[in-house]
There are 2 protein chains.
Amino acid sequence: MKYCSNCGNTVSLRIPKGDTHARYICDNCQIIHYQNPRMIVGCLPIWEDKILICKCAIEPRYGLWTLPAGFLENGETVEQGAIRETSEEAGANVTIIRLHALYSLPQVNQVYVIYLAEMRSSHFDAGEESLECKLISVEEIPWDDIAFTAIKFSLKMYVENLKNDKVETYLGHHKR
Amino acid sequence: MKYCSNCGNTVSLRIPKGDTHARYICDNCQIIHYQNPRMIVGCLPIWEDKILICKCAIEPRYGLWTLPAGFLENGETVEQGAIRETSEEAGANVTIIRLHALYSLPQVNQVYVIYLAEMRSSHFDAGEESLECKLISVEEIPWDDIAFTAIKFSLKMYVENLKNDKVETYLGHHKR
């Protein structure tokens, strides 16, 4: 950030009075520009005993596997965002079962929110950001070709959960 | 947003190619400025059979009761943010038990993330944003004087949970 989005003047990075963090503050209108982590929301879609996974069509993870997920938009609930991303990226209509994983990436100011969701039918269809989608068994999870640590965590905890069958939301974060 | 934070030129609100949402795009450098919901993270701190609540010292909720919570900062995990806010606003050191509630406010582009947390001692101390803090029993919850719908939801679900004692993360959103 170099310029104020409100008045177009230059900004300076300094700690506002009474604050503990440095913020971009406009040298002219004095507006404080707060910057906060963004949420990436999605689903772990289930059909019978299979999981729906997607092959990334976008760099830098082109060709690696992931779950349908993307940035939460203004004006939607977290659940609406997760259902929308699952429809856009995998062409699947899902019903949310429960929150499955909350995973922080403090290095890049991102938080993943992944729901366990039931597909309403076996239908799916790769969207523009996916090369292909497929239903796989737990044994077929391509552990060495998963695109993101948050998705690997979500899949790992899902497999873990199958063993004990507890209703649980898993908390994780990327180690520095 | 009126000006580009990268180059200081004017921005226009339009839908980028391949996108579905209108974004602020710089008329000069063409940067797309995405705007996304912010997370408010905090705790429902427990000491023995009591809950720690805080009286807001800040408008527009001055004098109403809430739980310690605030905006998640860049560079921290959601859990770190919730523990920090509990320390700053209520002077309490807590250990997180589990994720208690995820509550969306799509009208104002906010998502609350509230953890159930155990106080490490009975010590607490109102911070600058609190007029006072106190430990109360479930029967003493001031239902008519709670500052935020997300906090009311978190407290209500906590009381609900005491009856069935399930390990559960509650999902909610503010109705339009």
Residue within the range A:60-68 that is in the same structural domain as A:K163 (by TED's automatic domain parsing), in contact (Cβ under 8 Å) with a residue 12 or more places away in the chain, within 28 Å of B:E89 (Cβ to Cβ) and within 18 Å of the chain's Cα centre (by Cα) present: no
The range A:1-48: number of residues that are in a loop (DSSP other than H, G, I, E, B) and within 13 Å of chain B (Cβ to nearest Cβ): 23
Among the residues listed as A:V41, A:V11, the single one being closer than 28 Å to B:V11 by Cα, among the hydrophobic types (A, V, I, L, M, F, W, C) and in contact (Cβ under 8 Å) with a residue 40 or more places away in the chain: A:V41
In the range A:162-176, residue farthest from the other protein chains (Cβ to nearest Cβ) [restricted to those that are in contact (Cβ under 8 Å) with a residue 12 or more places away in the chain and under 21 Å from A:R98 (Cβ atoms)]: A:L162
Where A:S87 falls short, out of the listed (1) in a strand (DSSP E or B); (2) more than 10 Å from every other protein chain (Cβ to nearest Cβ); (3) of a type in the set (S, T, Y): (1)
Residue match in the range A:49-69 (condition: over 20 Å from A:S122 (Cα atoms), within 12 Å of chain B (Cβ to nearest Cβ) and either out of contact with any Asp or Glu (no Cβ under 7 Å at 6 or more places or on another chain) or assigned to a helix (DSSP H, G or I) (or both)): no
Single unsatisfied condition, B:E132 versus (1) at pLDDT 95 or above; (2) charged (D, E, K, R); (3) not in a strand (DSSP E or B): (3)
Looking only at the range A:1-55, and only at residues there that are over 25 Å from B:G75 (Cα atoms) and β-branched (V, I, T), the one that is surrounded by the fewest Cβ atoms within 10 Å (Cβ to Cβ): A:I46
Answer residue from the range A:107-135, given it is within 14 Å of chain B (Cβ to nearest Cβ) and among the acidic types (D, E) and is surrounded by the fewest Cβ atoms within 10 Å (Cβ to Cβ) among those: A:E128
Verdict on A:S104 being closer than 12 Å to A:I51 by Cβ and surrounded by 20 or more Cβ atoms within 10 Å (Cβ to Cβ): no
The range B:143-158 residues that are crowded, with 20+ Cβ neighbours inside 10 Å, paired with ones that are of a type outside the set (A, V, I, L, M) and part of a helix (DSSP H, G or I) (beta carbon under 6 Å, 6 or more apart): B:I146/B:K152
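The values are calculated or read from the model by the stated rules, or taken from the named source; none is laboratory data. Source: prediction; values computed, not measured. Backbone-built Cβ (ideal geometry, glycine too); neighbour counts: all protein chains shown.
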